[in-house]
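What follows is calculated from the coordinates using simple rules that are stated; it is not laboratory data. Predicted model, so just to flag it, every value in this text is computed and none were measured. All Cβ positions, glycine included, derive from the backbone under ideal geometry; neighbour counts span all protein chains shown.
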Amino acid sequence: MEDKTPIDRLAVDGGTPVRCTPWPPRHLFGEEEKAAALALFEESLATGEAFGYNGREEDAYCQEFADFMGGGYADAVNSGTAAMYVALRALDLEPFTEVIIPPVTDNGGVMPVPLMNCIPICADSRPDSYNVGPEQIEARITDRTSAIVVAHISGHVVDMDPIMEIARARNIPVLEDCAQAHGATYKGRLAGTIGDIAAFSTMFGKHHATGGQGGVVYTRREDLYWRARQASDRGKPFGVPGATSNVLCSLNLNLNDLSAAIGRPQLKKLPSIVEACRRVAQDVNNACAGLRAVRMDTGLPDSQGAYWFVVFALDWNLLKGDVALFTNALQAEGIPCIAPYTRPFVQEDWYKNRAVFGRSGYPWTSPLYKGDADAVYPLPNIEGVHNRQFMIKIHEKISSQDIADIARALAKVESAFLRP
């Protein structure tokens, strides 16, 4: 049997890689953002007044964000983690109650829960997705459940209608973590408009950004909006006529006018950014249609993803090896990919060691918590997903050549891993 030629041999085995050029930069910020920032500085220089927060730019950004969402209310904060904290504070949860959290989320999406002296309860994912499902949420509900958090991972929207039915039947509020889902839709509705309140991250890597860091709390309920405003600015009495003092204890989590000035032209670009990401994802899917054992996740029916990255599933009935070997081979071909995407928060040291408030173990060890502080939550679905799925980061500037390289590299690696 003849040896494979260098071009056919996997790069990880010494062959010629499909791609030797770096992955294309995104060029997220342009002249519009630069001009907006400079205009703010020029005004400051001319007036002698420093720009701050809760000013004209931030007010405009919040209004324009709410307009993008089709109405409602928006409060800009200084990070996605802050947005989660503020949204949870707006729900006014009782301490030592339980908040259901999806298995795949950033640590910043779960840490606000124990910081509020509530207990994060991990639900499993759907069997075929990074996203949590309604059955998995329902399995974790107890009489101590005070809120449900869902995260739209990779820009694919969670199956929200059955989750909202479960939540409404029990009068449990739902918080949507939309950090990766700017502009994604579910049955014609934007992610973030379906639950009671939503949190967005606007850090530099997201679909649209307010600079290096930032976030937005969004809701269609005016009462939650005013509580969010209070929670994001040290309990100032926003929405409380006649109040003369701060009305609750919280932190200073405001955004600022410079970040908001950058965010305003970014918001104008957001529809075209999301549409371009969808075109890239569709072209990747089309280019990979001939693969036998590798399939791209296109999300739920009647939904449109925002595609912060694309997810592929491997069919181990047709392939040999494991996901680590497969993705190592794909990376050697010049395609940036990750597997597993992230591990469940219950595997993190801070969670296992209950490292929240000194060595106290609070909130789990409080006598006011009536649940099982040592409960273990089996996650067989997400374990299975991690054993067969991986992700490739895309963005709106990915070219047809980049897409062709993805398809060629996947075909090459699949061919090498196919069972005889």
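Points to keep in mind about this one:
- Modelled spin labels at Leu115 and Glu222, positioned 7 Å past Cα toward Cβ, are 3.0 nm from each other.
- A simple spin-label model places pseudo-atoms 7 Å from Cα toward Cβ; at Arg26 and Arg9 they are separated by 3.8 nm.
- For segment 121-210: Kirkwood Rh in Å [reciprocal of mean 1/r, alpha carbons]: 13.4
- If the convex hull is drawn through the Cα atoms of segment 211-272, its volume per residue in Å³: 103
- Over every Cα atom in segment 37-115, the radius of gyration and the widest Cα-Cα span, Dmax, amount to 17.2, 52 Å.
- Cβ-Cβ FRET estimate between Trp316 and Lys34, R0 fixed at 35 Å, reported to 0.05: 0.10
- Per-q log10 I(q)/I(0), segment 248-310, q = 0.12, 0.20, 0.29 Å⁻¹ (Debye; single scatterer per alpha-carbon; no solvent): -0.52, -0.86, -1.21
- Computed [θ] at 222 nm, helices only, for the chain once each DSSP H run of length n ≥ 4 contributes -39500 (n - 2.57): -10500 deg cm²/dmol
- Here the peptides 80-90, 317-327, 108-118 are ranked by packing, the mean other Cβ count within 10 Å, and the order with the highest first is 80-90, 108-118, 317-327.
- Across all directions, the average projected area of the convex hull around the alpha carbons of segment 31-267 is 13.4 nm².
- Dimensions of segment 52-94 along the principal axes, based on C-alpha atoms and rounded to the nearest Å, stand at 34, 27, 15, largest first.
- Other residues within the sphere of radius under 14 Å centred on the Cβ of Val356, judged by their own Cβ, net out at +1 (K and R +1, D and E -1).
- Our estimate of slack between Ala375 and Glu275, defined as 0.36 nm per intervening residue step minus the Cα-Cα distance, is 31.7 nm.
- Total formal charge among the other residues, if their Cβ is under 10 angstrom from that of Phe51, Lys/Arg +1 and Asp/Glu -1: -4
- The chain, relative contact order [Cα under 8 Å, separation at least 6], %: 22
- Over segment 7-63, the hull volume per residue, using the convex hull of the C-alpha atoms, is 171 Å³.
- Gln282/Ser245 FRET efficiency (R0 45 Å; Cβ-Cβ; nearest 0.05): 0.25
- Three-way shape call for segment 1-149 based on the alpha-carbon gyration tensor, with the a/c threshold at 1.5: oblate
- Taken over the Cα atoms of segment 277-420, the convex hull encloses 167 Å³ per residue.
- The chain: Lys pairs at Cα distance under 20 angstrom, eight or more positions apart or on different chains: 16
- Shape category assigned to the chain from the gyration tensor of Cα positions, a/c cut at 1.5: oblate
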